[in-house]
Structures are given as C-alpha cells and as structure tokens.
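Trainee: Mind having a look at this structure? Questions to follow.
The values are calculated or read from the model by the stated rules, or taken from the named source; none is laboratory data. These numbers come from a predicted model, not from an experiment. Cβ sites come from the backbone with ideal geometry, for glycine too, and all protein chains shown count toward neighbours. These area figures cover heavy atoms from the full protein model, side chains too; ligands, DNA and RNA do not enter into them. Shrake-Rupley method; radii C 1.70, N 1.55, O 1.52, S 1.80 Å.
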Amino acid sequence: MRKRGRKLLATGLAGAMTASMLLTGCGSGSASSTTAADTAASGDTAADSAGETSEAETTQASAEDDIEKPEQINIFVNGNVFTQANARDEFEKRWEELTGIDLVITQPDHDAYNDVLGQTFASGPENWPDVVILSSAYYTGYAEEGALWDMTDAWENSELKASGRYKGEEILEKLKIDGRLYGFAHENSKGCITYVKQSWLDNCGLDVPTNYEEYLAMLEAFTTGDPDGNGVNGDTCGVSAAGYIAPEAPWTMYLPEFYQGATVDFTKDENGQWVDGFTQDNMKATLERMQDAYAKGYIDKETLTNGTSDCRNKFYEDTFGVFTYWSGTWGTQLSDNLVANGHSGDLVALPPIEELGNYVAKLPNVMAITSACENPEGVFKYFIESMLDGGDMQTLWTYGVEDVHWSTKAETVCGNTYEEGEFHGKESLEKPGTQYQKGYIDPLLSLGEWVDEDPGAAFLPEFTKESQEVFDANAVTLELIPSTEAMNQYNGDLMTLKRSIVADIVTQGTSIEDGYARFEAEGGLEWSNSIVDSLNNQ
C-alpha cells in the first residue's frame, strides 16, 4: 500500500463539525470462558451443527481460538444502525447479551455523519473509535492515510470465509486497495431508484414516463396542475432532492433523470483514461436541464438546503410527487409513511428513462477497524465477522430486537393481523403507523447465508421485492476511485467549488459559460487537472 502524508487526517473533511464525544481505543481485555454467546459470535455453520465440520473449518477455528476477546468495543456509526429514537439501547443490550462484551456506540446525526467522523479522525488517534462505517467515497482516503487496519489476513483466516456462507467475495475484491482489504462489506451494492406517486399520475391522466420528454411533462403536470386532488392548482411541485449533488458517491443519485449519465466525479472515458466528469459536455447539458426545470418551478426551491429527512417528510406530506431514494425496503417504508399520513401509498418503481439508461449502484458501505484499535483481530472476530453468523447475531443486525423491532406473537400491528409463530415487524417507535422492516443489514442485500433460513423472508412486502428487482435489473456498480496525493490535497476544495457553481447556475440563473469561467478562475481547473494526471500516472 502506498504510504502518504497526514494531510487528510490533519485537516479533517471539508465542513467538519465538532465530535459529540471523545472515544477511547479498543480494550484488549482477557479471554473469558466460552458461552453460547461466544459460539454464536464465532459464526458456526450448519455443518458444525450436524457434526460435519470440515478440515478447513477445523483449522480456522483453531486459529481463531487464539484470538483474545475484547472487553469493550467502541463503534462510530451512522443512522443506518438503530438510532436512539428506534430503541438503540435495546439493540445495544441484546448485542452485549450475545457477546458478553461492552459495546460503546457513538452515533452523530445521520446527515452530519461524515463531517463529525472527519473531525474525530482529525483530533488524533487517541480519540479514534475501534470501528467506523465508511462509504466508498471516504474509504480509500482513510485507508491510504494509514487510518485503517489491514484486515486481509483476518478475513482469509476467518471461520466465516471457511464456512462458505459468505456471498460477497467479488465485492471484497473490488474493495481491495493495492491488493489489501481495509473494510468489510455485509451487504451487496445498492443504490437509488425513482419513485412516482401512482395517484398523482392518475389524477393528471398520465402514463408512467419512459423518456425525458415524458418525464418533464409529468413534472410540469405535478407542478401546475392538481395532482394531489385537493382542488388547488400549483400548490405542489414535481420533484425534490437532498441537494443537486448528493453528499457522497454516486453524487448524481438523487436527480438521475437530469444527469443522464453525466457526473461531477472522476470517471473513465471510452479509452479507459481518467477524466473529470464535471468538465465534460454532458455535465454542461445536465446543468442546462436543471436550470430550466428549476426556473419553471418543477424542482423544489429548497432542494439546495434539503436533508434526506426533509425530503422524506415533504414526500409524506404530499407536497411533491417524484422522489429518487433507496430501492428495496425503503420503497415500502415510503409507501407506509404516506398511508400513515392519510395519503395513497401506491408507488411506481420507475425503470430508468431512455436517456438515463441505467441507475448507478454504489459500492456498499464497509465496516472498518481503525489503526488505533488495540486488539483489531478480536474486534474483527467478535464484531465484524459475527454480524453474519447466520443465527441470532445476524437476526439482530438484520431485523433488530425481538418484541421491540420484530415479533412472532399473535397480534395486530398497524392493521395487519398475525398468527402465533408468524414473523412480522413491530410498529415503528419513530414513525407510528408503520412497521419495521430491517435493521442495519438489508435482508435483500445481505451477503451472508443463514445457517437454517431467513426468519423474516416471508414478511418482506411485495413492493420491497419489486423495487429491488427493478433496480437490480437496471443498475451498474461504480468503480472504486483510487486515492492519490493530489486527490487528498485538492478534492475537498474542488468539490466545494463544484457545488457552489452548480448552485449558482441552477438557482441563480448564472450562465454555463460564466460558471465554468469561475471554475477556471478560482483554481478548479488546475486542481482537476492535477488529480486527473495523478490518476492516470499511477
């Protein structure tokens, strides 16, 4: 692995906020007696249960027996893990029951996660957690800076790998940097799909759009007509998003119909050479489309400042009709929350329009162990590996806590009646009127096979499966962009400048020519060329 300077860690991420608390390193602890919880954490397989342990598994188990069990593990996680409002304390308690390890959770606000994480890293290794969740946009940078522990050998020698239950070997290969692995994926690649309110289409007499002309006509009808049927024209808008550029890769995922394959990030051209997508002609055409739609009111005027929660709430309140958001379980959550707010929950999972061609799947988030962790082998075994144990721990990470997030008791939840023994989600604590469907691991994306069977497979709603199927059939996965010295030095400022120029062009009516003249005048083109050269000269 190439060793680089500490610029990224010394300065933190652009716009980083003060960390909510200081974190301590992983406690090395002493090995405790083996319990049923320890067995679950080690990732037993169906063959083990049947007394048919293979020679390879026996060898791996012997190697893992020498790994010291941590007394405490400190994790830094985003809102994809159960939040305080969604009974995080109960989740933590159950995890500790299964392992006998003290779990310390730091969980910033989801929208500010990367900023707070950047400030935490910048504060020095003495304050780093043991485990962090990283998107691919940040994973390479932290790995190249030496902030992440090399888990290659731990994975190769793990019981999970020996069991054959892990289905993500191809994903792990894509996550390797110079042949080494610094983060572990528990889910497959995922991404955002466009949802359209069927009732709005019906009220406007429209069919599902198949190309940009029809898509734009739909936005016009949703903005100027009466799509919500309240008798008032013009009190809604077509589409909203959490920014014109998403907070992370894929940067274009929230407004894909406008981008149509363009990107603000670095990408390879038809000759396999790296280029800056922001400087390409198709990006300029994207900005023209956005500028025109914004001026006509088709795009929510608050898109520039929206967070994802703002968009979800507006969608539930029936103020706009087109929302590009995560496929799979989120599709049903959007539908359920519409119903809970007194609106129709009938949504269309839109296949990509002709000009778009395909949706973009991001490489999955990873769980990474920081280089400051005192017992990384123990953390890998008892935390990261155990998440896909195929049993109790995998159930916890996939569905949550029994009788808090899910149940098999005979009862009626949100108008749905279940018989004794029938797996179902409990009513959401944060969003009453809706049911929990998943925890951190999406059951439709999980890379770990169950020892017996997925306990919640029959509970998954049809629209959850449908939206995931539409996405999977029409998605391509992003390539991991290498981290370089120039990338670390310039890309934070470069992306800030790109965001500012996009905002000026779209919301202020600045001409494309003036926007790109500013890009050159303020150093953007020079930074961009330096990064492109560094990528092509590796």
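Trainee: Kindly provide the helix-only [θ] at 222 nm of the chain, computed as the sum of -39,500 (n - 2.57) over DSSP H runs of four or more divided by all residues, to the nearest 500 deg cm²/dmol?
Mentor: Roughly -11000 deg cm²/dmol at 222 nm, from the helical runs in the chain.
Trainee: Enumerate the calculated ³J(HN,Hα) couplings along the range 508-518 in order (Karplus 6.51 cos²θ - 1.76 cosθ + 1.60, θ = phi - 60°), each rounded to whole Hz, writing x wherever the residue is Gly or Pro.
Mentor: Each residue of the range 508-518 in turn: 9, x, 4, 5, 4, 4, 5, x, 6, 5, 5 Hz.
Trainee: Now for a separate question. Using θ = phi - 60° and the Karplus curve 6.51 cos²θ - 1.76 cosθ + 1.60, what whole-Hz ³J(HN,Hα) does each residue of the range 265-277 get, with Gly and Pro shown as x?
Mentor: In residue order, the calculated couplings are 9, 7, 8, 9, 7, 5, 9, x, 9, 6, 9, 8, x Hz.
Trainee: While we're on this one: Tell me the accessible surface of E126 in square angstrom (1.4 angstrom probe, heavy atoms of protein chains only), to the nearest ten.
Mentor: About 120 Å², ignoring ligands and nucleic acids.
Trainee: Quick one: check the C-alpha center-to-center distance for the range 231-260 versus the range 283-361, whole angstrom.
Mentor: 5 Å
Trainee: Separation of the range 375-397 and the range 124-190 by C-alpha centroid, Å?
Mentor: Measuring centre to centre over Cα atoms gives 14 Å.
Trainee: Determine the sum of side-chain charges near G261: Lys and Arg each +1, Asp and Glu each -1, restricted to other residues whose C-beta is under 12 angstrom from that of G261.
Mentor: Result for the local shell: -4.
Trainee: Taking the DSSP beta bridges in the chain as the whole, what percent of them are antiparallel, to the nearest 5?
Mentor: Here the antiparallel bridges make up roughly 70 percent for the chain.
Trainee: Given a 1.4 Å probe and heavy atoms of the protein chains only, how would you sort I67, I353, largest accessible area at the top?
Mentor: Numbers: I67 40, I353 0 Å².
Putting I67, I353 in descending order of accessible area: I67, I353.
Trainee: With every protein chain kept in the model, how would you rank K381, K426 by accessible area, 1.4 Å probe, largest at the top? Could you put the intermediate results ahead of the total?
Mentor: On the way: K381 15, K426 45 Å².
Result, largest first: K426, K381.
Trainee: Here's something else I'd like to know. Would you mind counting up the charge near V366? Only other residues with Cβ under 14 Å from its Cβ, with Lys and Arg at +1 and Asp and Glu at -1.
Mentor: Within the 14 Å Cβ shell, the charges total 0.
Trainee: What pairs from K362/K498; K268/K465; K362/K409; K161/K465 go past 26 Å between their alpha carbons?
Mentor: K268/K465; K362/K409; K161/K465
Trainee: With a sphere of radius 11 Å drawn around the Cβ of I75, what net charge do the other residues whose Cβ falls strictly inside it have (Lys, Arg +1; Asp, Glu -1)? Please list the in-between numbers first.
Mentor: Values: positive: none; negative: E92, D130.
Spelling it out: positives minus negatives among the neighbours equals -2.
Trainee: Between [x] 23.8, 71; [y] 22.3, 71; [z] 29.2, 88, which matches Rg and Dmax of the Cα atoms in Å calculated for the structure shown?
Mentor: Checking each listed value against the structure points to [x].
Trainee: Return the FRET efficiency for the residue pair E520, K296: r is the Cβ-Cβ distance, R0 is 30 Å, and the value is rounded to the nearest 0.05.
Mentor: 0.50
Trainee: How far apart, in nm, are the 7 Å Cα→Cβ label points at N230 and E169?
Mentor: Between N230 and E169, the label points sit 5.6 nm apart.
Trainee: If you plug each phi of the range 466-482 into the Karplus form 6.51 cos²θ - 1.76 cosθ + 1.60 with θ = phi - 60°, what whole-Hz ³J(HN,Hα) values come out, in order, with x for Gly and Pro?
Mentor: Each residue's phi maps through the Karplus curve to give 4, 5, 5, 5, 4, 5, 4, 6, 9, 10, 10, 8, 4, 8, 5, 8, x Hz.
Trainee: Accessible area of T308, 1.4 Å probe, to the nearest 10 Å²?
Mentor: Only protein atoms counted, so the area is about 20 Å².
Trainee: Give me the dipole magnitude in Debye, nearest 20, for the chain about the Cα centre, with unit charges on the beta carbon: positive for Lys and Arg, negative for Asp and Glu.
Mentor: Taking the Cα centre of the chain as origin, the dipole is about 1340 debye.
Trainee: Please work out the average accessible area per residue across the range 467-538, using the 1.4 Å probe convention, and give it in Å².
Mentor: Details: 3400 Å² over 72 residues.
Spelled out: the 1.4 Å probe surface of the range 467-538, per residue, equals 47 Å².
Trainee: If you count, for each residue, the other Cβ atoms within 10 Å and average over each peptide, how do 277-285, 430-438, 317-325 line up from highest to lowest? Each step should come with its number before you reach the end.
Mentor: Details: 277-285: 17.4, 430-438: 19.6, 317-325: 21.8.
Ranked from most to least packed, the peptides come out as 317-325, 430-438, 277-285.
Trainee: Any chance you could look up the accessible area of I531 with a 1.4 Å probe, heavy atoms only, rounded to 10 Å²?
Mentor: 0 Å²
Trainee: A follow-up question, please. By its C-alpha gyration tensor, with a ≥ b ≥ c as the square roots of the eigenvalues, how is the range 279-426 shaped: rounded for a/c under 1.5, else prolate for a/b larger than b/c, else oblate? The partial results should precede the final answer.
Mentor: Working: a/c = 2.63, a/b = 1.33, b/c = 1.98.
Since a/c reaches 1.5 but b/c is at least a/b, the shape of the range 279-426 is classed as oblate.
Trainee: On the accessible surface of the chain, probed at 1.4 Å, how many percent belong to carbon and sulfur atoms? All intermediate terms of the calculation are to be shown ahead of the outcome.
Mentor: On the way: 9380 of 21240 Å².
Percent of accessible area from carbon and sulfur atoms in the chain: 44.
Trainee: While we're looking at this one, here's another question. If you average the sequence gap of Cα pairs under 8 Å that are 6 or more apart and divide by the length of the chain, what percent do you get for the contact order?
Mentor: 22 percent
Trainee: Round to the nearest 0.05 the FRET efficiency obtained for E513 and E422 when R0 = 45 Å and r is the Cβ-Cβ distance. Each step should come with its number before you reach the end.
Mentor: Working: r = 62 Å, r/R0 = 1.39.
Given R0 = 45 Å and the Cβ-Cβ separation, E is 0.10.
Trainee: Could you name the lysines whose alpha carbon sits less than 20 Å from that of K296, not counting residues in the same chain fewer than 8 places away?
Mentor: Answer for K296, where 20 Å is the Cα cut-off: K284, K314, listed by chain and number.
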